[in-house]
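The values are calculated or read from the model by the stated rules, or taken from the named source; none is laboratory data. Keep in mind that this is a model prediction, so the values were computed, not measured. Cβ placement follows ideal geometry from the backbone for every residue including glycine, while neighbour counts extend to all protein chains displayed.
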Amino acid sequence: DENNGTSAQTAFKTLSKALRKVHDGGKIRILPGTYSFSIVLENCKLQNGIIIEGYKGMPVFDGKLNLPAGLFFDKCAHIIIDSIEFRNYTDFGIGGTFCQQIVFRNLILQDNGHKAELKEWGEMDGFGIYIDESDEVLIEGCEATLNGPDPKIFPDPLLGTGIDTYRLKNSIIRNNHSHHNIGGGLLVEDGVNVIVEGNEINDNDLDASVDDWWDGGIWVDGGHDIFIRNNNFHNNIGPGIEISDEDNQHPTGYVLENNSSTNNYFGILIWNFGTTDWPDTSILINRNNNISDNQQKDVWIMP
């Protein structure tokens with residue numbers, strides 16, 4: 001690759017070379033086309049960060065059903081990924097761990113996680129976005145669809161997730177569309193100070209009843225101070241909203257406000273808080289939500 005990467009006419013042939021050459025505060029522009037690679041970026045903490053974005057159209061990163069993930073960031077900071085499609089990766093489209101100030105914006109995650117192979121990673125069930133143990137993350141304007149194990153395998157993996165997050169802090173997940181996934185639309189597990197707003201989550205297959213559980217359109221478990229507002233959950237095969245304390249962590253500060261959950265199997269499923277009624281307001285504030293017209297039950301609470 002003798003190109004200098006300074007124009008569309010002399011573009012680098014690989015993203016790997018662009019990452020080696022980009023300067024602090026620089027931008028990598030990717031022209032439309034289909035690219036096949038799997039890149040891990042480690043310990044990238046440039047003070048002014050970098051931007052990786054589609055340019056003059058949306059490029060497609062294609063795993064061709066044999067690469068595990070398109071992009072993965074480990075211990076990185078100040079990175080923006082914008083306007084790229086990730087498809088056909090065996091485990092997930094894009095992800096990160098132990099990162100800070102990472103932005104995933106205007107991405108399409110489609111047909112990822114059908115045959116997860118990274119079993120040593122733990123619960124790698126197949127995801128569109130997978131990010132954990134990270135701070136100041138922004139996920140916005142993304143579409144996650146048709147992600148998750150295909151076919152479902154009993155007992156594992158039965159279901160994946162469109163947008164899967166674990167132990168996020170001080171983060172925002174907004175204005176995304178997660179639909180028709182084999183599994184949940186959005187997981188917020190053990191998050192702290194996380195805002196989830198303006199998302200549409202619909203038509204996801206949440207049915208793991210063969211193994212005595214259900215996924216959720218959104219599933220919130222553990223952590224504290226999680227704000228779920230102005231979202232639309234509809235037509236999911238299972239609960240539009242699921243809130244739980246699976247590991248007896250005694251979470252507090254959940255706020256559920258101005259959401260709509262309609263035409264799902266269940267409107268909301270709440271479990272393991274030791275009550276058959278809504279949990280105490282120190283745990284969950286339920287304000288101005290429309291939970292109605294669901295097929296089996298609007299509100300399902302199990303102790």
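Close Cβ contacts (under 7 Å, 6 or more residues apart or on different chains) running from residues in the range 276-291 that are at pLDDT 95 or above and among the hydroxyl-bearing types (Ser, Thr, Tyr) to residues that are surrounded by fewer than 18 Cβ atoms within 10 Å (Cβ to Cβ) and in a loop (DSSP other than H, G, I, E, B) comprise Thr276/Pro303.
For Asp74, are the conditions met, namely being surrounded by 15 or more Cβ atoms within 10 Å (Cβ to Cβ), within 19 Å of the chain's Cα centre (by Cα), over 17 Å from Ala18 (Cα atoms) and not hydroxyl-bearing (Ser, Thr, Tyr)? I'd like the intermediate steps shown before the answer.
Numbers: surrounded by 15 or more Cβ atoms within 10 Å (Cβ to Cβ): no; within 19 Å of the chain's Cα centre (by Cα): yes; over 17 Å from Ala18 (Cα atoms): yes; not hydroxyl-bearing (Ser, Thr, Tyr): yes.
The answer is no for Asp74.
Would you pick out the residues in the range 1-54 that are at pLDDT 95 or above, assigned to a loop (DSSP other than H, G, I, E, B) and among the aliphatic types (A, V, I, L, M)? If the condition is that a residue be at pLDDT 95 or above, assigned to a loop (DSSP other than H, G, I, E, B) and among the aliphatic types (A, V, I, L, M), then Leu31 is the only one that fits.
Only one residue in Ser36, Ser16 is surrounded by 12 or more Cβ atoms within 10 Å (Cβ to Cβ) and in contact with a Leu (Cβ under 8 Å, 6 or more places away or on another chain), so which one is that? Spell out the reasoning first.
Numbers: Ser16 fails: in contact with a Leu (Cβ under 8 Å, 6 or more places away or on another chain).
So the residue among Ser36, Ser16 that is surrounded by 12 or more Cβ atoms within 10 Å (Cβ to Cβ) and in contact with a Leu (Cβ under 8 Å, 6 or more places away or on another chain) is Ser36.
If the condition is being small (Gly, Ala, Ser) and either closer than 25 Å to Asn204 by Cα or surrounded by 18 or more Cβ atoms within 10 Å (Cβ to Cβ) (or both), then the range 244-303 contributes Ser244, Ser260, Ser261, Gly267, Ser292.
One residue is enough: does the range 165-179 have a residue meeting the conditions among the small types (Gly, Ala, Ser) and in a loop (DSSP other than H, G, I, E, B)? Within the range 165-179, none of the residues are among the small types (Gly, Ala, Ser) and in a loop (DSSP other than H, G, I, E, B).
Just one of Asp135, Asp156 is more than 11 Å from the chain's Cα centre (by Cα), surrounded by fewer than 20 Cβ atoms within 10 Å (Cβ to Cβ) and under 24 Å from Ser83 (Cα atoms); which is it? So that I can check it myself, show each step before the final result.
On the way: Asp156 fails: under 24 Å from Ser83 (Cα atoms).
None of the other options fit; the residue is Asp135.
Just give me the residues in the range 5-17 being out of contact with any helix residue (DSSP H, G or I) (no Cβ under 9 Å at 6 or more places or on another chain) and either over 18 Å from Ile94 (Cα atoms) or touching a residue at least 40 places away in the same chain (Cβ under 8 Å) (or both), in sequence order. Before the answer, list the steps.
The initial filter retains those residues of the range 5-17 that are out of contact with any helix residue (DSSP H, G or I) (no Cβ under 9 Å at 6 or more places or on another chain), namely 6-10, 13-17.
Scanning the range 5-17 gives Thr6, Ser7, Ala8, Gln9, Thr10, Lys13, Lys17.
The single condition among (1) in a loop (DSSP other than H, G, I, E, B); (2) among the hydrophobic types (A, V, I, L, M, F, W, C); (3) surrounded by 16 or more Cβ atoms within 10 Å (Cβ to Cβ); (4) modelled with pLDDT under 95 that Leu67 does not meet is (4).
Taking the range 214-231 as the range and being surrounded by fewer than 24 Cβ atoms within 10 Å (Cβ to Cβ) and under 18 Å from Asn193 (Cβ atoms) as the test, the residues that pass are Asp221, Gly222, Gly223, His224, Asp225, Phe227, Arg229, Asn230.
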